[in-house]
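Participant: Pasting in a structure now, in structure tokens, and then I'll have a few things to ask.
The values are calculated or read from the model by the stated rules, or taken from the named source; none is laboratory data. Quantities reported herein were computed from a predicted structural model and do not represent experimental measurements. So basically every Cβ, Gly included, is an ideal-geometry build from the backbone, and we count neighbours across all protein chains shown.
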Amino acid sequence: MKNISEKPATTKKEDRKTSIMQTALKLFSTEGFYTTTMPAIAKTLGMSVGNFYNYFSSKDQLAKELMLYISTVLGDKLREINMTDVSVKEKVTMIVHMYFSIARERPELIEYFLRVFLSNREIFTKECTGMVCVSGFVTELMLFFDEGVQSGELKDQDFFSALGLFMGYLGGMVFLNGEEVLTKPLNEYETAIAENIYNALRKQ
Amino acid sequence: MKPRLKVLWLQGVTCNGNTHSFLNYPHLLYVLETFEFLYHSLLPSTYTLEEISTCVHECDILIFEGAYDPRMERVGTSLETLVGHYGSHAKYVIAAGSCASFGGMFKHSDPEHITGLGFDEKEPKGPFASSPKLINLSGCPMHPEWMGYTLRMIADNKPIAVDELHRPKELYSYLAHHGCTRNEYFEWKVDSDHFGTKEGCLFYKQGCRGPMTHASCNKILWNDVSSKTRVGTPCFGCTEPDFPRINMFETKTNMSIPQDVPVGISKRSYLTMAGIAKSFHIPRLEKRLIDDDA
């Protein structure tokens, strides 16, 4: 008799897919995209290569889905912050904290973005062009900036000027942290960085 | 022979734009045969304005053009008295144009006293606020076919369903965006950098309010031929209570993000869709439709 608490097959498959992505993320971000093969990922998971291809038909497809996954995880976090009833200044602090916390607790998410997505554009040019794979996160940033200008706290400027300032700064710090050149733990920079970002974006 | 319904066309604070628009109605002869105009400033009428100002006559339909300022006088009689007398006896009161509907352009000269017949922008106010007999034909000007439709429905004794702003649903349930020939450019987020071109969407840079404006301009074409957006001019949202806004040739953005998005769609949903659509380059949509130099 079937156990009623048993998960449906589709959910189990999704769970398995997520588990594959988490392993693949770690391997890609530590070993590099090109040096990590599909059989190597399957082996780490204890799966047969044939079964592995039931989940992802190609390495490029896996690469694209990983970026969508990261964008969704970050986008969901940012959405929670956007929905919080606090000032834009406080939201800047919350975003910096959220980003650095993820970099500390799940470094593979940020590392993949920095070292695979941004550094190997040839993989992503076709199906992951422009905003396609990062819209979950970028849309939330757009909403954050839009609210900031409407509330009068932030200066109206080109979106990409603000985006580059904000995310370039955070990404750069995580990159430096990964290179182990920072003199202090990443979280100790949070207050100063949040203040710098807010001061750079705020309406003068 | 069935007696003709009596129409009185009164004017408040107006530029006469709705009268001029109505004179382009292709079936004007039908209107003149079906209705008796007690008074209209340009059309053949039974009475003079002076005779109308005595308030001894009655009409079946009061059409009011222009913003409502109760203190304004016509031949020595205030609009408050004129509209009060004729409106109370009429079965229908039609506000012709956005000034008569919501206050419009002229409301801005004296926001404290000037309103529409039943609304001050979107707030109920004025002599016919919440009156079931009020029909708003907003627009700057209203489309002549919209007045024609309304008069024909009344003549045929058919009910006219209206929205919460008292506009006929048959005419105002649509958006100006519906039927716009630039919709493919809107879908793929291809902007128009100039007025008057056949190509590109006017929503992103040129201030087009088509996706936020209830009007059937691209369904019932102007002069049976065209519309503003079809010829490359942005829709100014002239049928909505907030018309006129400032900087109407510009799309208000916050860090390049449009402040207003299509009606009924969350900004989160719109930005997600727009960001993805904009990621793709469609060479066909980036070229001239008709390139004489090619």
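Participant: Just one of the numbered conditions (1) surrounded by fewer than 24 Cβ atoms within 10 Å (Cβ to Cβ); (2) closer than 21 Å to B:I265 by Cβ is not true of B:D224; which one?
Facilitator: (2)
Participant: Kindly check whether there is at least one residue in region B:258-275 that is more than 14 Å from chain A (Cβ to nearest Cβ), assigned to a loop (DSSP other than H, G, I, E, B) and surrounded by 13 or more Cβ atoms within 10 Å (Cβ to Cβ).
Facilitator: Filtering region B:258-275 for residues more than 14 Å from chain A (Cβ to nearest Cβ) gives B:262-264.
Right, trim to assigned to a loop (DSSP other than H, G, I, E, B) and you get B:262-264.
From what is left, the residues that are surrounded by 13 or more Cβ atoms within 10 Å (Cβ to Cβ) are B:262-263.
Scanning region B:258-275 turns up at least one residue that is more than 14 Å from chain A (Cβ to nearest Cβ), assigned to a loop (DSSP other than H, G, I, E, B) and surrounded by 13 or more Cβ atoms within 10 Å (Cβ to Cβ).
Participant: When A:G168 is evaluated against the numbered criteria (1) exposed (fewer than 13 other Cβ atoms within 10 Å of the Cβ); (2) under 19 Å from A:L25 (Cβ atoms), which criterion, by number, is the only one it fails?
Facilitator: (2)
Participant: Moving on to the next point. All but one of (1) more than 14 Å from every other protein chain (Cβ to nearest Cβ); (2) part of a loop (DSSP other than H, G, I, E, B); (3) at pLDDT 95 or above; (4) closer than 15 Å to B:Q206 by Cα hold for B:T229; state the number of the condition that does not hold.
Facilitator: (2) is the only condition that B:T229 fails.
Participant: Any idea which of B:K189, B:K219, B:K158, B:K169 is surrounded by fewer than 24 Cβ atoms within 10 Å (Cβ to Cβ), at negative phi and in contact (Cβ under 8 Å) with a residue 40 or more places away in the chain? Don't jump to the end; show me each part of the working.
Facilitator: On the way: B:K189 fails: at negative phi; B:K158 fails: in contact (Cβ under 8 Å) with a residue 40 or more places away in the chain; B:K169 fails: in contact (Cβ under 8 Å) with a residue 40 or more places away in the chain.
One residue alone meets the criteria, B:K219.
Participant: Another question, if that's okay. Can you name the number of the only condition in (1) without any contact (Cβ under 8 Å) to a residue 40 or more places away in the chain; (2) away from chain B (no Cβ under 11 Å); (3) not hydroxyl-bearing (S, T, Y) that A:F175 fails?
Facilitator: Failing condition for A:F175: (1).
Participant: Only one of these conditions is not met by A:G136: (1) within 14 Å of another protein chain (Cβ to nearest Cβ); (2) surrounded by fewer than 18 Cβ atoms within 10 Å (Cβ to Cβ); (3) more than 22 Å from A:A200 (Cα to Cα). Which number is it?
Facilitator: Of (1) within 14 Å of another protein chain (Cβ to nearest Cβ); (2) surrounded by fewer than 18 Cβ atoms within 10 Å (Cβ to Cβ); (3) more than 22 Å from A:A200 (Cα to Cα), only one is false for A:G136: (2).
Participant: Being more than 21 Å from A:E127 (Cβ to Cβ) and of a type in the set (S, T, N, Q) is the filter here, so list the residues in region A:38-62 that pass it. Please lay out each step first, then the result.
Facilitator: Pass one, region A:38-62, residues more than 21 Å from A:E127 (Cβ to Cβ): A:39-40, A:42-51.
Of everything in region A:38-62, those that are more than 21 Å from A:E127 (Cβ to Cβ) and of a type in the set (S, T, N, Q) turn out to be A:T44, A:S48, A:N51.
Participant: Quick check, is A:E153 in contact with a strand residue (DSSP E or B) (Cβ under 8 Å, 6 or more places away or on another chain), over 17 Å from B:K267 (Cα atoms), within 14 Å of chain B (Cβ to nearest Cβ) and in contact (Cβ under 8 Å) with a residue 12 or more places away in the chain? Give the steps one after another, and end with the answer.
Facilitator: On the way: in contact with a strand residue (DSSP E or B) (Cβ under 8 Å, 6 or more places away or on another chain): yes; over 17 Å from B:K267 (Cα atoms): yes; within 14 Å of chain B (Cβ to nearest Cβ): yes; in contact (Cβ under 8 Å) with a residue 12 or more places away in the chain: yes.
The answer is yes for A:E153.
Participant: Would you confirm whether any residue within region A:2-18 is modelled with pLDDT under 90 and under 28 Å from A:L182 (Cα atoms)?
Facilitator: Residues of region A:2-18 that are modelled with pLDDT under 90, as a first pass: A:2-18.
If we keep only those that are under 28 Å from A:L182 (Cα atoms) as well, we get none.
No - not one qualifying residue is present in region A:2-18.
Participant: What residue, of B:C201, B:C235, B:C208, B:C180, is over 20 Å from the mean Cα position of the chain (by Cα) and either among the hydrophobic types (A, V, I, L, M, F, W, C) or closer than 23 Å to B:N24 by Cα (or both)? Talk me through it step by step, then tell me what you get.
Facilitator: Values: B:C235 fails: over 20 Å from the mean Cα position of the chain (by Cα); B:C208 fails: over 20 Å from the mean Cα position of the chain (by Cα); B:C180 fails: over 20 Å from the mean Cα position of the chain (by Cα).
So the residue among B:C201, B:C235, B:C208, B:C180 that is over 20 Å from the mean Cα position of the chain (by Cα) and either among the hydrophobic types (A, V, I, L, M, F, W, C) or closer than 23 Å to B:N24 by Cα (or both) is B:C201.
Participant: Next question, about the same structure. Output the number of residues of region B:276-294 satisfying the condition of being in contact with a helix residue (DSSP H, G or I) (Cβ under 8 Å, 6 or more places away or on another chain) and more than 13 Å from chain A (Cβ to nearest Cβ).
Facilitator: Number of matching residues: 1.
Participant: Go through region B:47-62 and give me each residue that's closer than 12 Å to B:W9 by Cβ and either free of Cβ contacts under 8 Å to residues at least 60 places away in the same chain or outside the structural domain of B:L134 (by TED's automatic domain parsing) (or both). Give the steps one after another, and end with the answer.
Facilitator: So in region B:47-62, the residues closer than 12 Å to B:W9 by Cβ come out as B:47, B:49, B:52, B:59, B:61-62.
If the condition is that a residue be closer than 12 Å to B:W9 by Cβ and either free of Cβ contacts under 8 Å to residues at least 60 places away in the same chain or outside the structural domain of B:L134 (by TED's automatic domain parsing) (or both), then B:Y47, B:L49, B:I52, B:C59, B:L62 are the ones that fit.
Participant: Something else: Can you name every residue in region A:156-172 that is within 8 Å of chain B (Cβ to nearest Cβ) and among the aromatic types (F, W, Y)?
Facilitator: A:F159, A:F160, listed by residue number.
Participant: State all residues of region B:247-279 that are within 20 Å of B:G207 (Cβ to Cβ) and among the polar types (S, T, N, Q); if no residue qualifies, say none.
Facilitator: B:N247, B:T251, B:T253, B:N254, B:S256, B:Q259 - these are the residues of region B:247-279 that are within 20 Å of B:G207 (Cβ to Cβ) and among the polar types (S, T, N, Q).
Participant: Could you say whether any residue in region B:26-33 is in the same structural domain as B:T81 (by TED's automatic domain parsing), surrounded by fewer than 20 Cβ atoms within 10 Å (Cβ to Cβ) and closer than 25 Å to B:G76 by Cβ? Walk me through it before giving the result.
Facilitator: Within region B:26-33, the subset in the same structural domain as B:T81 (by TED's automatic domain parsing) is B:26-33.
Okay, now just the ones that are also surrounded by fewer than 20 Cβ atoms within 10 Å (Cβ to Cβ), so B:26-33.
When the remaining residues are screened for being closer than 25 Å to B:G76 by Cβ, the result is none.
No: region B:26-33 contains no residue that is in the same structural domain as B:T81 (by TED's automatic domain parsing), surrounded by fewer than 20 Cβ atoms within 10 Å (Cβ to Cβ) and closer than 25 Å to B:G76 by Cβ.
Participant: To continue, here is another question. In region B:243-257, what count of residues is obtained for those that are surrounded by 15 or more Cβ atoms within 10 Å (Cβ to Cβ) and either among the hydrophobic types (A, V, I, L, M, F, W, C) or facing chain A (nearest Cβ under 9 Å) (or both)?
Facilitator: Number satisfying all stated conditions: 7.
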